[in-house]
Amino acid sequence: EVQAVVAAHPLAEGAAVVAREDVPGDVRLVAYVVTDEEDETDAAELSASVREFVAGRLPEYMVPSAVVALPELPLTSNGKLDRKALPSPEYAAAASDSSRAPVSLEEELLCQAFAQVLGLPAVGVEDDFFALGGHSLLATRLVSRIRTLLGVEVGIRELFEAPTVAGLAAQLAEAGEARAALVPLERPERVPLSYGQRRLWFIGQLEGPSQTYNSPVALKLTGRLNRQALADALRDLIVRHESLRTVFRVMDGEPYQHVLDEDEIAWELPADPIISAELPDALARISSHAFDLATEAPLKAWLFEVAPEEHVLALVVHHIAGDGWSTRPLARDVSMAYAARCEGREPGWDALPVQYADYALWQRELLGSDDDADSLMSRQVAYWRAALAGAPEELGLPFDRPRPVAASHQGHTAVFEMPSELHARMVEVARAEGVTVFMVLQAALAVTLSRLGAGTDIPIGSAIAGRTDEALDELVGCFVNTLVVRTDLSGDPSFGQVLERVRETSLAAFGHQDVPFERLVEELAPARSLARHPLFQVVLTMHNTAEATVSLPGLDVEVLPTARPAAKFDLDVMVGESYDADGAPMGVHGAVTVATDLFDPETARTLADRWVGVLDRLLAEPESRLSTVDVVDEVERDRVVVEWNDTAVELPQVSVLGLFEERVVRSPGAVAVV
């Protein structure tokens, strides 16, 4: 559809539109136009003309990010478009419609920061960060980059409100001084745990070793595998990232990090033959490995040989050593190390700027003391204390059974797909309301739960990367933090009003994201229970990390599914977006996991279906009041209202006296009155 519109441009004699990924994880729509205009100085004018032409006929998300003029389209010997021969685009031509150059050093440096974070060669002063592909994760990186370049502290809220270089530069005069940058620090004899590590360590002490916080991955390797090179590459990985060779010891009742030296690493890659039918059970067993964090490095690996040129590599990382955003540096580093080891050399990667122990020390220095009212910790805790005052300690979900004394952390999962048409409407509503797609999903989830009886005060947990300094971008470790976004549905608002509330609450939460969730729990001191998660029991996570791709020379690599090992919450919703080759929304996919302690397996499917249905109805009528939103469709309503209430039975047309006489005839000797 996009290609047809581009080809209809008056200057186009032919056209091709493709989705390019010139920067890993950054997919952009690019239009290639065949035209008689050979004057290269008109490239910017052509780009602006084509993009304006497309924007007048298609939704904004279908407008190409760049336009490249070609004398002809490259073709293969079969007469098809040769995508590999298409040149890389000059995004700068498409990025800016403004001819004004930066007028200050601040604007020039901001243009550099925008371009670097977005992966563009240049960005104009009037270009919109989010229109060029920015999202909340990239916004966090941009804030960090601005901190480094300009020495000022800019919040994510300011970026949402002024998403251009010119707009942001105008606000710099009111920006505060930048926080201390993360650099290697002198280490004490015993390095303390980060706040995130401390919570996971404490849970391990309380519950004992378990699979609850394991992150398993299985890779099918097809081709000639160099086993020794793979084993050496994994060892290289552990040596490079200290977090993967850290154990947690205790002295005087306090845990501390002990980073194992290279000669202390008891590393091996066991390799066992296996038949395909046994593989699922083997992977399930590996996923359930219980780490002893006091003595055992938090990474384990197994290799299974299915056939001479078919192997499966299974890895398990404990969450105390890595999070979802760690998968990309893990994949990149193991790919580089394997390629180097196959060539008989050590990997030639650049040294990491910091290690996880540096982060743990910096985090405590950054947040400051609880006793200091002006410390970052005290100020952000004060915000959260006010923001969460009076929030429900337990959300009333439609449970199938009472909550037990202690959670088993077992779960039922149902996968779901939102169709492309619904996804497209979601994107359009998000742009119209000035919110993100994630905010739309979160608002709809809160409405669904409210309509199912959870009330009008819906706290939902949301995981964020927690990598607030650019030195952490390529590091493996547990940096993820959790924000509690409280959705106020009181007053029977419209969905548009709900989106406004979610936007405001989310931006305020992002502005106070440094205080660790576990520290927040300690400060707010909610009623603690082994049966439920504190502060929230529902979590929604958007998978928007850059794709982690393992590339091993001579091998085809395929990620195999692994069962989610545990349910940490009553209701855990994971979502991700898909786009086609033209960059158009192809749907939202995901999974709903419910705790087996509280829900039957079919409830996971029911909740997923109801959420999708509510979202469909809300997007069709964003101004509709919440009281009018149905959580059941017409078929289910007919079943409940009509079928289940159809209790009518036919009774004989006879009087009571007549029934008595019939009974006398049937049982003349029975007792009549007592």
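The values are calculated or read from the model by the stated rules, or taken from the named source; none is laboratory data. Everything numeric in this text was worked out from a predicted model, so none of it was measured. Virtual Cβ from ideal backbone geometry, glycine too; neighbours counted across all protein chains shown.
Quick notes on this structure:
- Restricting the first member to the range 343-368 and to residues that are of a type in the set (S, T, Y), and the second to residues that are buried (at least 19 other Cβ atoms within 10 Å of the Cβ) and modelled with pLDDT of 95 or more, the beta-carbon pairs closer than 6 Å and six or more apart or on different chains are Y356/E242; Y356/S243; Y356/G477.
- The single condition among (1) in a loop (DSSP other than H, G, I, E, B); (2) closer than 14 Å to L472 by Cβ that A321 does not meet is (2).
- Entirely in the range 43-131, the helices (runs of 4 or more DSSP H) that have 1 or more residues that are of a type in the set (A, V, I, L, M, F, W, C), modelled with pLDDT of 85 or more and farther than 23 Å from V5 by Cβ: 105-118
- Test: A620 is within 28 Å of A424 (Cα to Cα), surrounded by fewer than 21 Cβ atoms within 10 Å (Cβ to Cβ) and at pLDDT 80 or above: yes
- Residue match in the range 514-524 (condition: under 22 Å from the mean Cα position of the chain (by Cα), at pLDDT below 95 and surrounded by fewer than 19 Cβ atoms within 10 Å (Cβ to Cβ)): yes
- With respect to the stated conditions, D281 fails to be out of contact with any helix residue (DSSP H, G or I) (no Cβ under 8 Å at 6 or more places or on another chain) and surrounded by 19 or more Cβ atoms within 10 Å (Cβ to Cβ).
- Flag for L172 being in contact (Cβ under 8 Å) with a residue 40 or more places away in the chain and within 29 Å of the chain's Cα centre (by Cα): no
- Within the range 235-270, the set of residues being crowded, with 20+ Cβ neighbours inside 10 Å and among the small types (G, A, S) comprises just one member, S243.
- Of A406, A463, all but one fail to be in a strand (DSSP E or B) and out of contact with any Phe, Trp or Tyr (no Cβ under 9 Å at 6 or more places or on another chain); the exception is A463.
- A180 vs. criteria among the small types (G, A, S), touching a helix residue (DSSP H, G or I) at 6+ places or on another chain (Cβ under 9 Å) and surrounded by fewer than 16 Cβ atoms within 10 Å (Cβ to Cβ): yes
- Qualifying residue in the range 359-368 (condition: under 29 Å from A531 (Cα atoms) and basic (K, R)): no
- Verdict on G554 being farther than 24 Å from V480 by Cβ, modelled with pLDDT of 85 or more and not assigned by TED's automatic domain parsing to the domain that holds V614: yes
- Any hit, the range 610-619, residues being touching a strand residue (DSSP E or B) at 6+ places or on another chain (Cβ under 7 Å), of a type outside the set (F, W, Y) and assigned by TED's automatic domain parsing to the domain that holds R425: yes
- Number of the exception - W349 against (1) under 30 Å from V521 (Cβ atoms); (2) surrounded by fewer than 15 Cβ atoms within 10 Å (Cβ to Cβ): (1)
- Test: P163 is closer than 22 Å to D358 by Cβ, touching an Asp or Glu at 6+ places or on another chain (Cβ under 9 Å) and surrounded by 15 or more Cβ atoms within 10 Å (Cβ to Cβ): no
- Selection count where residues are surrounded by fewer than 19 Cβ atoms within 10 Å (Cβ to Cβ) and either part of a loop (DSSP other than H, G, I, E, B) or in the same structural domain as A508 (by TED's automatic domain parsing) (or both), scope the range 135-154: 2
- When residues of the range 409-452 are limited to those that are small (G, A, S) and out of contact with any strand residue (DSSP E or B) (no Cβ under 8 Å at 6 or more places or on another chain), the one surrounded by the most Cβ atoms within 10 Å (Cβ to Cβ): A444
- Every listed requirement among (1) in contact with a helix residue (DSSP H, G or I) (Cβ under 7 Å, 6 or more places away or on another chain); (2) part of a loop (DSSP other than H, G, I, E, B); (3) exposed (fewer than 15 other Cβ atoms within 10 Å of the Cβ); (4) not hydrophobic (A, V, I, L, M, F, W, C) is met by R385 save one, (2).
- Unmet requirement for L303, which otherwise passes all of (1) part of a loop (DSSP other than H, G, I, E, B); (2) surrounded by 17 or more Cβ atoms within 10 Å (Cβ to Cβ): (1)
- Residue among Q211, Q228, Q205 that alone is surrounded by fewer than 22 Cβ atoms within 10 Å (Cβ to Cβ) and within 30 Å of C342 (Cβ to Cβ): Q228
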